[in-house]
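Everything below concerns the one structure shown next.
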Amino acid sequence: MDRMPVWADVVLIPLISLLLAAALSAVAIWAIGENPWDAFALMVDGALMRSSGWGYTLYYATNFIFCGLAVSVAFHAKLFNIGGEGQAVIGSLGVALCCLYIPWPHWTIALLGSTVFAALFGALWALIPAYLQAARGSHIVITTIMFNFIAAALLNYVLVNHLRPVGAMEPASATFPEATHLPNFRDIFAGGEGVLFRGSPANVTFFVALAACLLVWLLIWRTKLGYEIRSQGYSESGAKYAGISPFRIIIVAMLISGGLAGLMGINVTQGEAERLILNSAEGAGFIGIAVALMGRNHPFGVLLASILFGFLYQGGAELAMWTSIPRELIVVIQALVILFTGALDNMVRWPLERVFMAMRQEG
Amino acid sequence: MDLMTILQILDSTVRLGTPLLLMCLAGLFSERAGVVDIGLEGKALAAAFFSAAFAYYSGSVWVGMLVGIVAAICFSLIHGVASITFRGNQLISGVALNFLASGLTVLVAQTWFAQGGRTPTLENARFSGIPLPGAEALRDVPVLGPIYAELISGHSILVYVAFLLVPLSWWVLYRTRFGLRLRAVGENPAAVDTAGISVVRLRFAAILIAGVLCGLAGSYLATGLQAGFTREMTAGRGYIALAALIFAKWRPWYCLSATMLFGLLQAVALRYQNIDLGAFVIPVQFMNALPYILTIVILAGFVGAAIPPRASGDPYVKER
């Protein structure tokens, strides 16, 4: 027996890694001449102490849930999908085409339609890297990175040359028709008036994200396909011996992953901006990596980690507004979280294992 | 299209290809030793910022370059500790370093200079072009004269250094004991270990070389190609260099031709906006995306199989 209890693996290690990342971030804040404690208090105040703060936190969290789930489904098949950003961009394009060119009678049906379009577009954008990995062995990390750049160029082209309304300067599409506008939290919880969630962008897509969490959990741990994906991730040769086709699993896992990343487009494009804008993914595709690593590839973990990053994002915006700390602090924190929970995992794990070993021998 | 236009495009090919070449060689050393380095981009970005910042403070481009190299080496060491010492996932470590550089450079730039995440424009502390001897005198010689004067002469010193590094890398990797061991550690670390040579030390040596090369690349970007640091100024070059490395099948001379090809694509995209072919127009966005599209085509294996060093990406676990 040289294993730690499950709770230590699932809770303790991410928590210690997070504390290390937080400590280094505090050093960074201190080094640029601000008080880390005041900064933290300001972040909590701006992101969690008001309903509108929560409205922003959950809005960002919605993006991160989709992208985190996307990365973790691929991780289960031992694929590193770093292309969530590009898949989300193309997903947004799907949402825009769906909302602009199909006359929807009501937002509920429009939401169904845009869900299908977003997932389909995102999945298709993941298909080529998936095929190249499965059939040709081209490394999926490199190909998905390249597809991020290509997606950005494609979106730019479509916006500037096709979707931009005549005479407009800004590279953005026309505003979507009224019937496709999704109700936000204020409409849902305060009947469209009152101060609850006033001015905040969280919308009904958050519940789609929650449903996605549940579905991904069912898929990974309660279906045959999920079992095959996990087998492939655990041991490709073992899975192959059991009659599981690596080709099929790579393609299917990446399609699901790309579809999930594409769904993010609903939140940003249909839910918030109500038109297609440049840089519609806002870097959330990359935060998905941090979220998946922190959440240990489990949908519930992804949900918690997404809310944490939503808090960081909204808190970071508050910091940028009221102090001299730029927004890029969030990118640094995100990098540190990826570093500690992903790459330096053993730095925390090995000493902990030793501690547990010593405890067991005494006990 | 006359000779002068072609020469100008080739000239900017060399200038745009140089940072790619330096990063590609960095990746070559690292991956040949079995350490995959997605973090080339981040190292070069960090080096670009610190070299520009210190060139500005000190007024000397050389001081800037040294600090840039030190910054890139620091990033290399983090990568080494994560992926060699603690046997973490090399891809994830590289991705983390890229974000760290992307955030940290803007954070520090904003704190030091308060110009929206960039350094002040460098007036004098830059690498300037070095006219080779006789460039002006030979300019009037037909064909060869302009080629010498425009294309070969007048680049900054780092361009010449980068080109000289290609044969040097070849010599180190294929003609020295260190190079033999370095290649062996990327193919079969256990054998190297059995011979009584430290795998960990060799891999650290390789990523330190990669750090120095990325430092040169970053410093060239910020103080040679441009006059100062701007946010995200590496603009995906680290990833293109990685693709070039695959295209080059992990060989020094091929690195040169692969990076110059990508440099040419960038030069063409830079010079021409929308290319009008009469029947249809190639949009500028397509030209900008072309290096990435070409990478995909190359990776798809249409130009022959590219087989990476066998142990690249795997942490080495010593037997007990």
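Here are a few things to note about the model shown:
- Between the helical axis of B:237-247 and the longest alpha-carbon principal axis of chain B there is an angle of about 70 degrees.
- Within-13-Å neighbourhood charge of A:Val268 [Cβ basis; K, R +1; D, E -1]: -3
- Highest-fluctuation residue, B:Ser76, B:Ser51, B:Ser102 considered, GNM on chain B with Cα pairs under 10 Å: B:Ser102
- Ranking A:Gly167, A:His139, A:Phe121 by Cα position along the charge dipole of the protein assembly as shown, where only Lys, Arg, Asp and Glu carry charges on their C-beta atoms, puts A:His139 farthest toward the positive end.
- Sorted largest first, extent of segment B:13-62 alpha carbons per principal axis (Å): 38, 25, 15
- Dividing the summed -39500 (n - 2.57) terms of all DSSP H runs of n ≥ 4 by the residue count of chain B sets its mean residue ellipticity at 222 nm at -21000 deg cm²/dmol.
- Residue-wise HN-Hα coupling along segment A:305-313, computed from phi with Karplus coefficients 6.51, -1.76, 1.60 (Hz; x: Gly, Pro): 5, 5, 5, 4, 6, x, 4, 4, 5
- Taking 0.36 nm per residue of separation and subtracting the current Cα-Cα distance, fully stretching the chain between B:Ala190 and B:Asp140 would add 12.0 nm.
- Hull volume per residue, based on the alpha-carbon atoms of segment A:38-353 and their convex hull, is 153 Å³.
- Near-label residues of segment A:304-332 by backbone N, under 18 Å of a point 7 Å along Cα→Cβ of B:Ala114: A:320-328
- Its Cα gyration tensor gives segment B:3-239 an equivalent ellipsoid, and the semi-axes of that ellipsoid, as √(5λ) in whole Å with the largest first, are 32, 25, 13.
- Charged-residue dipole, Cβ positions (Lys, Arg, Asp, Glu), the protein assembly as shown about Cα centre, Debye nearest 20: 1780
- Sorted largest first, extent of segment A:313-363 alpha carbons per principal axis (Å): 53, 20, 15
- Efficiency of FRET from Cβ geometry, A:Met321 and B:Phe280, R₀ 45 Å, rounded to 0.05: 0.45
- GNM result for chain A, Cα springs below 10 Å: residue of A:Phe66, A:Phe40, A:Phe189 fluctuating most strongly: A:Phe189
- Structure remark: mean-square fluctuation, Gaussian network model of chain B, C-alpha springs under 10 Å; the largest value among B:Val143, B:Val81, B:Val36 belongs to B:Val143.
- Using just its DSSP H runs of length 4 or more, each adding -39500 (n - 2.57), chain A gives a mean residue ellipticity at 222 nm of -22500 deg cm²/dmol after division by all residues.
- Stretch gain in nm, segment A:Thr175-A:Phe40, where the contour uses 0.36 nm per residue and the Cα spacing is subtracted: 44.9 nm
- Helix B:90-113 vs. chain B, principal-axis angle (Cα, 0 to 90°, nearest 10): 50
- Taking GluC sites (Glu not before Pro) across segment B:26-132, the ones in a DSSP loop with at most 13 further Cβ atoms lying within 10 angstrom of their Cβ are B:Glu123.
- Per-pair calculated FRET efficiency, R0 = 30 Å: B:Val200 and B:Arg175 via Cβ, rounded to 0.05: 0.75
- Radius of gyration (Cα atoms) of segment A:82-189, expressed as a multiple of 2.2 N^0.38 Å: 1.24.
- Formal net charge of residues neighbouring A:Leu319 (Cβ-Cβ distance under 13 Å; K, R +1; D, E -1): -4
- Segment A:113-255: projected area of the alpha-carbon convex hull, averaged over directions, in nm²: 12.3
- Rotationally averaged projected area of segment A:157-236 (alpha carbon convex hull; nm²): 10.1
- When the Cα positions of A:Cys67, A:Met264, A:Ala130 are compared along the charge dipole of segment A:38-353, A:Ala130 comes out farthest toward the positive end, with charges on each C-beta of Lys, Arg, Asp and Glu.
- Loop-located GluC sites (Glu not before Pro) in segment A:148-229, at most 16 other Cβ atoms within 10 Å (DSSP): A:Glu193
- Taken about its Cα centre, chain B carries a charge dipole of about 1000 debye when Lys and Arg each add +1 at the Cβ and Asp and Glu each add -1 at the Cβ.
- Close Lys pairs in the protein assembly as shown (alpha-carbon distance under 24 Å; sequence gap of 8 or more, or different chains): 5.
- Note on the protein assembly as shown: Kirkwood hydrodynamic radius from all Cα pairs is 26.3 Å, rounded to one decimal.
- Annotation for segment A:1-95: trypsin sites (Lys or Arg not before Pro) lying in DSSP loop with at most 14 further Cβ atoms inside 10 Å of their Cβ are A:Arg3.
- Environment charge of A:Ile244, counting only residues whose C-beta is closer than 14 Å and scoring Lys/Arg +1, Asp/Glu -1: +3
- Temperature 10 °C, viscosity 1.306 mPa s: under these conditions the Stokes-Einstein estimate for segment B:156-274, based on its Kirkwood radius over C-alpha pairs, is 98 µm² per second.
Where a number appears in this text, it was derived from the coordinates with a stated rule and is not lab data. This is a predicted model, so every value here is computed, not measured. When we count neighbours, we look across all protein chains shown, and the Cβ atoms used for this are built from the backbone with ideal geometry, even at glycine.
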